[in-house]
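Colleague: This structure is in structure tokens; I'll ask about it shortly.
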Amino acid sequence: MTDTMAPVRPGKLIINGQAVDAASGKTFTTYNPATEEPLCAVAEASAEDVDRAVQAARAAFESGPWPKLKASERQRLLWRLAELIEKNADEIARLETLDNGKPIFESRQIDLPMVVNTFQYFAGWVTKLAGETLPVSPAFFTYTLREPIGVVGAIIPWNFPMIMVGWKVAPALAAGNTVVLKPAELTPLSALRIGELAIEAGLPPGVFNVVSGKGSVAGEAMVRHPGIDKISFTGSTEVGRHIMKTAADTMKKLTLELGGKSPNIVFADADLDAAIRGATTGIFYGKGEVCAAGSRLLVDSSIYDEFVARLVERAKKMAPADPLDPKTRLGALVSKDQMNKVLGYVDTGRKEGARVVAGGERQAVNGKGWFVQATVLDGVDNRMRVAQEEIFGPVLSVIRFDGVDDAVRQANAIDFGLAAGVWTTNVKQAHAVARRIRAGTVWINTYNFYDPGMPFGGYKQSGFGRDLGPDSLRDVTQVKSVWVSTE
Ligand code: NDP
């Protein structure tokens, strides 16, 4: 029994430790993609609200209790926030599914634990971030301090809203920064709820602010604001490029995690049962609205026909269904626009000469919703648009290759470089190919695994900088060299 009708509380901005309305009083509506119905009104931040949030974050960074806390106290606060997220897991996961359309199985069993683990992992780092003592000359005592950058502006997308809160906010706070976060207008609810929990956890006012609103208004105001020292962005390559240009005026530091069109390569000697599972989850997990989705499946010619036949059989069984049903594995796309964009790409594929061998259509659930069938495009050439552009939906482009060199050549023949998969039982080949692929993550005989301890980010036009792992802490800190004369 689903409860999509249960009311969702209106969303308020989180500024300076308080849940507040927008200064203008304006709100926007967020929708349930599975029912096409409004969920609730959400405060719409303007440049004025962004400025209020930045002032609060600056004050918290420069003169609040935050910089004076003992590392162990900051650690305890992050851990406390993790505990509160876990305590409210069912509520947050439900909000995420209602707002985004993803299956509750993913929100509750995968995304929510990832957020909790991310805050716990970075809580552990708070007491371990250290500078170095460097031997330069007997005439000096020389050491480095690893210091926070200041106010970090986090701009996040709609595909993994709560996970992105963890990935952007936890390392920034662990390193002693303060944060202003803008969730995507399509999916603001989980971030606003975590913002409320941060107040409950006892984070000092202004340390973590959430400004829901439009990218072109609130996002743009953040990127231009001189009080923000760094922007950490995840989203489209197009907006990433725009942010990079705009941020130049105030010389902001940047982490950009952008699009992908990741190759998932199946060699003839692979464990085919595992590879079929990996190819399927690689694209249909998260409805394919996943930056690292294995959306280009490269299959060796000698097994191509058999592999595609088995893949099609599996895809046809993956019917879209009610996202709140725990058995559902394919939810609704985030918006009508996104659904139309995805269906438009299926048409483009047909026109380019690909064959739609599974799915390819909208499929309403209970007569409603922005659902698209699990879709497989066969006979794709790597130069087609459906092979080169990010579709961001449950659409798999299958491409043939002949031998290792051809696989690597086609895998790398693209502007993106976010992730890749390699399926083979040959250990030497697996590692050799992993080295030759130009991507920030390579999964061997698995796909779509993430952990707070493993860095994630792009090569080439998939961006730069890293979320997660020790590397992400380098991206939210700066190094100060201190010289002390000893003579
Ligand atoms: P965007 O890149 O537009 O959105 C990402 C975030 O940036 C959102 O919070 C958005 O705000 C914000 N934003 C938009 N414009 C600006 C701006 N001028 N200045 C500052 N922030 C801004 O992605 P879309 O939602 O438009 O999706 C479009 C396509 O991008 C998708 O179809 C997909 O192909 C790709 N995409 C890739 C993602 C990835 O993880 N690689 C994630 C999301 C999308 P708001 O949405 O509120 O306007």
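The values are calculated or read from the model by the stated rules, or taken from the named source; none is laboratory data. These figures come from a predicted structure and were not determined experimentally. A quick note on method: Cβ atoms are made from the backbone with ideal geometry, for glycine too, and the neighbour counts reach across all protein chains shown. Areas reflect the complete protein model, heavy atoms only, side chains present, ligands, DNA and RNA absent. Shrake-Rupley method; radii C 1.70, N 1.55, O 1.52, S 1.80 Å.
Colleague: Could you say which residue among E313, E257, E238 is of a type in the set (D, E), in contact with a strand residue (DSSP E or B) (Cβ under 9 Å, 6 or more places away or on another chain) and within 12 Å of the ligand (Cβ to nearest atom)?
Modeller: Criteria check complete, one pass: E257.
Colleague: Name the residue, out of G227, G213, G288, that is closer than 16 Å to A154 by Cβ and within 15 Å of the ligand (Cβ to nearest atom).
Modeller: G213
Colleague: For the stretch 341-448, which helices (runs of 4 or more DSSP H) that fit wholly inside it have 1 or more residues that are touching a Pro at 6+ places or on another chain (Cβ under 7 Å)?
Modeller: Counting at least 1 such residues, we get 403-412.
Colleague: Among residues belonging to the stretch 10-44 that are in contact with a Gly (Cβ under 8 Å, 6 or more places away or on another chain) and among the charged types (D, E, K, R), point out the one that is nearest to P205 (Cα to Cα).
Modeller: If we take residues in the stretch 10-44 being in contact with a Gly (Cβ under 8 Å, 6 or more places away or on another chain) and among the charged types (D, E, K, R), then E44 is nearest to P205 (Cα to Cα).
Colleague: Identify the single condition in (1) surrounded by 22 or more Cβ atoms within 10 Å (Cβ to Cβ); (2) under 22 Å from the mean Cα position of the chain (by Cα); (3) within 16 Å of the ligand (Cβ to nearest atom) that A374 does not satisfy, given that it satisfies every other one.
Modeller: Among (1) surrounded by 22 or more Cβ atoms within 10 Å (Cβ to Cβ); (2) under 22 Å from the mean Cα position of the chain (by Cα); (3) within 16 Å of the ligand (Cβ to nearest atom), A374 violates only (3).
Colleague: Quick one: which of R108, R94 is open to solvent by 60 Å² or more (accessible area, probe 1.4 Å), at pLDDT 95 or above and either closer than 22 Å to T187 by Cα or within 20 Å of the chain's Cα centre (by Cα) (or both)?
Modeller: Exactly one residue qualifies, and that residue is R108.
Colleague: Any residue at all in the stretch 27-34 that is part of a helix (DSSP H, G or I) and either within 27 Å of the chain's Cα centre (by Cα) or surrounded by fewer than 20 Cβ atoms within 10 Å (Cβ to Cβ) (or both)?
Modeller: For the stretch 27-34, residues part of a helix (DSSP H, G or I) and either within 27 Å of the chain's Cα centre (by Cα) or surrounded by fewer than 20 Cβ atoms within 10 Å (Cβ to Cβ) (or both): absent.
Colleague: Same structure again: Check whether at least one residue in the stretch 132-152 is part of a loop (DSSP other than H, G, I, E, B) and either in contact with a His (Cβ under 9 Å, 6 or more places away or on another chain) or under 30 Å from A23 (Cα atoms) (or both), and report yes or no.
Modeller: yes
Colleague: Of the residues E147, E196, E132, only one is away from the ligand (no atom under 13 Å from the Cβ) and more than 24 Å from K253 (Cα to Cα); which?
Modeller: E196
Colleague: Another one. Taking the stretch 175-193 only, how many residues are open to solvent by 20 Å² or more (accessible area, probe 1.4 Å) and within 13 Å of the ligand (Cβ to nearest atom)?
Modeller: Of the residues in that region, 2 qualify.
Colleague: Continuing with the same structure: Using the structure shown, decide if L396 is over 17 Å from R296 (Cβ atoms) and touching a strand residue (DSSP E or B) at 6+ places or on another chain (Cβ under 7 Å).
Modeller: Spelling it out, it is not the case that L396 is over 17 Å from R296 (Cβ atoms) and touching a strand residue (DSSP E or B) at 6+ places or on another chain (Cβ under 7 Å).
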